[in-house]
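The values are calculated or read from the model by the stated rules, or taken from the named source; none is laboratory data. These numbers were taken from a predicted model, which means no experiment stands behind them. Cβ placement follows ideal geometry from the backbone for every residue including glycine, while neighbour counts extend to all protein chains displayed.
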Amino acid sequence: MLDEPMRFHTSLRIGGPAEMLVFPSSRDELKGILAIAHSAGVPLFLIGQGTNLLVKDEGIKGVVVNLARFDPEIRFLSDHTVKSGPGVPVVKLAREAINRGLGGLEFAIGIPGSLGGALYMNAGAYGFSIGERVTEVATLDFLGNERIRSREELEFFYRKSTFQDEKSIIVEIFLALYPANREELQTKAAQIQKMRRSKQPHKPSAGSVFRNPPGNPAGLLIEKAGVKGHVIGGAQVSTLHGNFIVNTGGATAEDVLNLVEWMRTRVRETQGTELELEIKVVGRDGIERGR
Ligand SMILES: Cc1cc2nc3c(=O)[nH]c(=O)nc-3n(C[C@H](O)[C@H](O)[C@H](O)COP(=O)(O)OP(=O)(O)OC[C@H]3O[C@@H](n4cnc5c(N)ncnc54)[C@H](O)[C@@H]3O)c2cc1C
């Protein structure tokens, strides 16, 4: 797809055009794309399901590789390990594990996005995160060279992973699960889902905008700063959850970035805390660092 608006590929429904958007489904297809991009000197940007991204109105230069359709296979192995491709939706994986009486992924019920994106972000909730379950990950570098790493060779912190410091594509993931009572897992999953439904907005968003500063949920700081419900253009600080910005219809990335700055300033001035972004802001040259 050429000049494809990224708003069709992000949960915020915002984003200017990708010069080229491709959807490889296999390793061979992906390697072919990498070879062409390398020989043409074209930059690459990766996306999963676009649920943690704010793509700027200027769009993205080069080739955007969407991995949401890449290797959709989930294989449960005899030692309670699951092997999965990066395009698999995390919720689907968690549901299938629960239905087989395998525990360890219940926290992920309700976290949108692909497994590859979840690993990159070390997505988590309720005190658990995906990195804790990882036993092995295969990646390709942008030249197509494969690397297989065990858990000990990878680092996962609060919404951070090794993959954020390198140019690599997660292509295969092994997670360790454990046998558990299926009904108990299903009950836990239903409770988590209910909790999410009551606390999170239903309008387009990218989840939590800011990282939680130690000991202080960002949502509470924002609420105390009195900016819940504040509107700039089509973007609004959710009235339900202070750490969510929602697209009320027709919001631009500029609206969201202006709102982000307003929230930061109000929290700094009233609470004395500097908020750091959790969502990734993507411009012409990929992820913008230091926001
Ligand atoms: C309503 C809502 C609720 C949310 N709740 C939570 C929550 O509870 N906890 C939480 O942690 N997050 C939450 N999020 C944020 C988001 O769902 C997660 O960060 C998710 O894991 C991102 O996955 P994705 O496939 O959408 O990644 P994308 O947004 O597409 O990409 C995120 C980053 O990962 C990189 N990436 C994607 N795939 C690969 C790959 N295969 N190899 C290398 N890099 C890759 C991209 O380049 C990008 O930098 C929420 C979002 C929404 C909209």
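Please verify whether G229 is within 19 Å of R7 (Cα to Cα) and either free of Cβ contacts under 8 Å to residues at least 24 places away in the same chain or not assigned by TED's automatic domain parsing to the domain that holds V282 (or both), treating the condition exactly as stated. Considered against the rule, which asks whether it is within 19 Å of R7 (Cα to Cα) and either free of Cβ contacts under 8 Å to residues at least 24 places away in the same chain or not assigned by TED's automatic domain parsing to the domain that holds V282 (or both), G229 comes out as no.
From the list R211, R182, which residue is modelled with pLDDT of 95 or more, outside the structural domain of I279 (by TED's automatic domain parsing) and basic (K, R)? Even if it seems obvious, please write down each step before you answer.
Details: R211 fails: outside the structural domain of I279 (by TED's automatic domain parsing).
Testing whether each residue is modelled with pLDDT of 95 or more, outside the structural domain of I279 (by TED's automatic domain parsing) and basic (K, R) leaves just R182.
Check whether at least one residue in segment 21-34 is under 30 Å from F244 (Cα atoms) and away from the ligand (no atom under 13 Å from the Cβ), and report yes or no. Talk me through it step by step, then tell me what you get.
Pass one, segment 21-34, residues under 30 Å from F244 (Cα atoms): 21-23.
Checking which are away from the ligand (no atom under 13 Å from the Cβ) leaves us with 22.
Yes; the residues of segment 21-34 include at least one that is under 30 Å from F244 (Cα atoms) and away from the ligand (no atom under 13 Å from the Cβ).
Mind checking which residues of segment 201-232 are of a type in the set (D, E, K, R) and touching a Phe, Trp or Tyr at 6+ places or on another chain (Cβ under 8 Å)? Answer for segment 201-232, where residues must be of a type in the set (D, E, K, R) and touching a Phe, Trp or Tyr at 6+ places or on another chain (Cβ under 8 Å): just R211. Here the condition is being loosely packed, with under 13 Cβ neighbours inside 10 Å, within 12 Å of the ligand (Cβ to nearest atom) and either within 20 Å of the chain's Cα centre (by Cα) or of a type outside the set (S, T, N, Q) (or both); of K203, K160, K199, it holds for K199 alone. Only one of (1) surrounded by 14 or more Cβ atoms within 10 Å (Cβ to Cβ); (2) within 11 Å of the ligand (Cβ to nearest atom); (3) of a type in the set (D, E) fails for E136. Which number is that? It is condition (2) that E136 fails. Looking only at segment 40-82, filter to residues that are more than 15 Å from the ligand (Cβ to nearest atom), of a type outside the set (D, E) and not in a strand (DSSP E or B); which one of those is surrounded by the fewest Cβ atoms within 10 Å (Cβ to Cβ)? Ranking the qualifying residues of segment 40-82, first place goes to S78. Of the residues I60, I74, the single one that is under 20 Å from D255 (Cβ atoms), among the aliphatic types (A, V, I, L, M) and in contact with a Lys or Arg (Cβ under 9 Å, 6 or more places away or on another chain) is I60.
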